[in-house]
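Visitor: Right, I'll just put the structure down here and ask away after.
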Amino acid sequence: MAQHAYAWLRQLLAHREKAALSFHTPGAKSGAWGRAPVEGSVDDLRALDLTELSDTDDLHAPQGALSVLQERAAALWGAKEALPLVNGATAGVAASVAWLANAVPSLTVGRNAHLSVLTGLLYADAMPHWQPVSYLTAFDVPLPPRPETNAFATYPTYEGIYPLPATLSSRPTALDAAHGALLRLLGAPLGGEAVTVMGAHKQLPSPTQTAWLLIEKKASALPPLVLLKAWLDLLQTTSPSALLLAGMEEAVEQLREDGLHILQRSAVEAEAFRREVATLDQVAVLLPQALPPGYGLDPFKLLVRVDRCGLTARQAASILERQGIFAEYAYGVNLLFSLTPADDAGTRWRLFHALGQLPRGDHRWSSLPQPPESELVMAPREAWLARKEIVPLQQAQGRVAATYVAPYPPGLPLLWPGEKMTSEIIEYLIRLKEVGAAFHAGVSQPFEAFAVVA
């Protein structure tokens with residue numbers, strides 16, 4: 001129908017016309033951080049949207065310009081190798097989990113893992129050993145568990161919390177640091193013992209859907225890294241976008257040329273801004289001193305609670321959006337804002353002013369309890385492939401989940417395939433729904449129809 005022609009493009013253009021303030025991914029902030037690297041290179045992007053030709057190199061077997069990009073990216077990240085991810089950090093996480101699960105007798109995974117871990121578990125037919133997560137109750141956010149040997153860990157968290165390396169007795173074999181790009185570039189020794197999945201688009205001027213899989217300089221030969229690359233080949237598209245790769249190259253070159261001093265200055269400004277927001281009566285702000293000993297906080301992440309003014313996060317986000325200010329996420333009573341070097345005094349002042357003008361509401365909030373955990377009684381792959389029955393949520397109690405349930409964002413499953421649905425999880429899900437949380441749930445609509453093992 002004519003009125004729906006180019007609906008997606010029109011929606012994107014309409015948002016651009018709002019001249020909205022972006023306090024969310026991607027790090028380029030609608031082009032505020034970045035520049036055309038070569039004259040004429042952005043005049044007609046479609047002309048550059050090429051496939052893998054003899055003179056444009058091959059992502060899966062690079063020998064020309066892409067191998068040069070990988071070498072220059074590895075030098076930027078301080079890694080032995082840097083493999084481009086055009087299917088997002090998701091592909092790197094899934095490949096790392098599958099690779100590690102096939103090589104160790106028991107794979108330990110922090111329960112704060114992102115949903116993308118499930119893909120690796122399903123491919124490898126692995127039975128994870130879940131490492132419990134504690135919570136910072138003042139803000140209802142997870143603290144990343146301290147990693148164990150032969151572990152897959154996830155930090156920094158979405159909110160920017162990470163264990164200080166000096167306090168760790170061991171490092172995880174593989175680390176999902178999708179939200180840690182700025183910290184690593186600022187010099188934080190943030191990495192796995194063997195491999196690190198590093199986000200690019202979340203905080204850097206790199207296109208959405210791009211990331212890097214870093215093979216660290218001290219990576220051992222066991223498990224063989226060639227198997228990791230085989231998993232990655234399987235999980236990445238065989239038709240990578242030349243535009244995404246060009247955008248990744250632009251970000252690497254820009255950071256190599258003038259990024260470090262800009263990052264250092266911006267980190268100081270972001271930390272000072274966070275302290276300034278903490279002076280407002282309307283919100284409570286997560287500051288580094290609120291964390292337990294041994295944890296650090298990314299200066300570019302601003303997490304605020306809005307229940308002081310009687311609002312839920314979704315209510316506060318709607319008020320800000322009407323002023324053209326968009327947060328990274330609104331969850332419970334927390335709003336998360338992601339800052340980058342694209343933000344200046346003007347954008348920060350607009351956010352400060354808007355937060356200071358939040359109206360009083362009538363919502364009365366008591367902190368969420370720590371999310372309940374369930375018992376894993378069946379391998380995730382077995383449950384995922386099992387014959388399924390679709391039942392209402394309340395009738396799923398005591399049944400084995402055949403799918404996952406993940407509030408999104410942040411995308412951390414509350415229930416994994418193969419775990420038992422309990423009354424506590426059902427009550428917790430209902431509580432989240434009351435404050436406007438959105439859910440990813442695989443084959444299910446979690447509140448109307450939930451998939452269980454038949």
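Visitor: In the range 419-431, how many are crowded, with 19+ Cβ neighbours inside 10 Å and in contact (Cβ under 8 Å) with a residue 60 or more places away in the chain?
Guide: Here the count works out to 1.
Visitor: For the subset of the range 371-408 comprising residues that are buried (at least 17 other Cβ atoms within 10 Å of the Cβ) and in contact with a Ser or Thr (Cβ under 7 Å, 6 or more places away or on another chain), which member is nearest to TRP130 (Cα to Cα)?
Guide: Among them, the one singled out is SER374.
Visitor: Report the residue count in the range 433-452 for those that are crowded, with 20+ Cβ neighbours inside 10 Å and either within 21 Å of ASP307 (Cβ to Cβ) or touching an Asp or Glu at 6+ places or on another chain (Cβ under 9 Å) (or both).
Guide: Count: 2.
Visitor: Tell me which residues, restricted to the range 221-236, are within 25 Å of LEU185 (Cβ to Cβ) and free of Cβ contacts under 8 Å to residues at least 40 places away in the same chain.
Guide: Going residue by residue through the range 221-236, those that are within 25 Å of LEU185 (Cβ to Cβ) are 225, 228-229, 232, 236.
If the condition is that a residue be within 25 Å of LEU185 (Cβ to Cβ) and free of Cβ contacts under 8 Å to residues at least 40 places away in the same chain, then LEU225 is the only one that fits.
Visitor: Quick one: how many residues across the range 327-357 are modelled with pLDDT of 95 or more, in a strand (DSSP E or B), of a type in the set (A, V, I, L, M, F, W, C) and touching a Ser or Thr at 6+ places or on another chain (Cβ under 9 Å)?
Guide: 1
Visitor: If you take the residues in the range 109-125 that are in contact with a strand residue (DSSP E or B) (Cβ under 7 Å, 6 or more places away or on another chain) and closer than 21 Å to LEU214 by Cβ, which one is surrounded by the fewest Cβ atoms within 10 Å (Cβ to Cβ)?
Guide: Taking the range 109-125 first, the residues in contact with a strand residue (DSSP E or B) (Cβ under 7 Å, 6 or more places away or on another chain) are 109-115, 117.
In the following step, the residues that additionally are closer than 21 Å to LEU214 by Cβ were identified as 109-110, 112-114, 117.
Details: VAL109: 27, GLY110: 26, ASN112: 26, ALA113: 26, HIS114: 21, VAL117: 28.
The residue in question is HIS114.
Visitor: Checking ALA211 against (1) touching a His at 6+ places or on another chain (Cβ under 8 Å); (2) surrounded by fewer than 21 Cβ atoms within 10 Å (Cβ to Cβ); (3) at negative phi, which single condition isn't satisfied?
Guide: Status for ALA211: all satisfied but (2).
Visitor: Do we find that SER239 is among the small types (Gly, Ala, Ser), under 30 Å from ALA124 (Cα atoms) and touching a residue at least 24 places away in the same chain (Cβ under 8 Å) in this structure? Give the derivation first.
Guide: On the way: among the small types (Gly, Ala, Ser): yes; under 30 Å from ALA124 (Cα atoms): yes; touching a residue at least 24 places away in the same chain (Cβ under 8 Å): yes.
Judged against the criteria, SER239 is a match.
Visitor: Residue check: is LEU320 in contact with a Leu (Cβ under 7 Å, 6 or more places away or on another chain) and not β-branched (Val, Ile, Thr)?
Guide: On the way: in contact with a Leu (Cβ under 7 Å, 6 or more places away or on another chain): no; not β-branched (Val, Ile, Thr): yes.
For LEU320, the condition - in contact with a Leu (Cβ under 7 Å, 6 or more places away or on another chain) and not β-branched (Val, Ile, Thr) - is not met.
Visitor: Sticking with this one: Kindly establish whether SER206 is part of a loop (DSSP other than H, G, I, E, B) and free of Cβ contacts under 8 Å to residues at least 40 places away in the same chain. So that I can check it myself, show each step before the final result.
Guide: Values: part of a loop (DSSP other than H, G, I, E, B): yes; free of Cβ contacts under 8 Å to residues at least 40 places away in the same chain: no.
Criteria not met by SER206.
The values are calculated or read from the model by the stated rules, or taken from the named source; none is laboratory data. Values in this document were obtained by computation on a predicted structure and should not be read as measured data. All Cβ positions, even for glycine, are placed from backbone atoms using ideal geometry, and neighbour counts span all protein chains on display.
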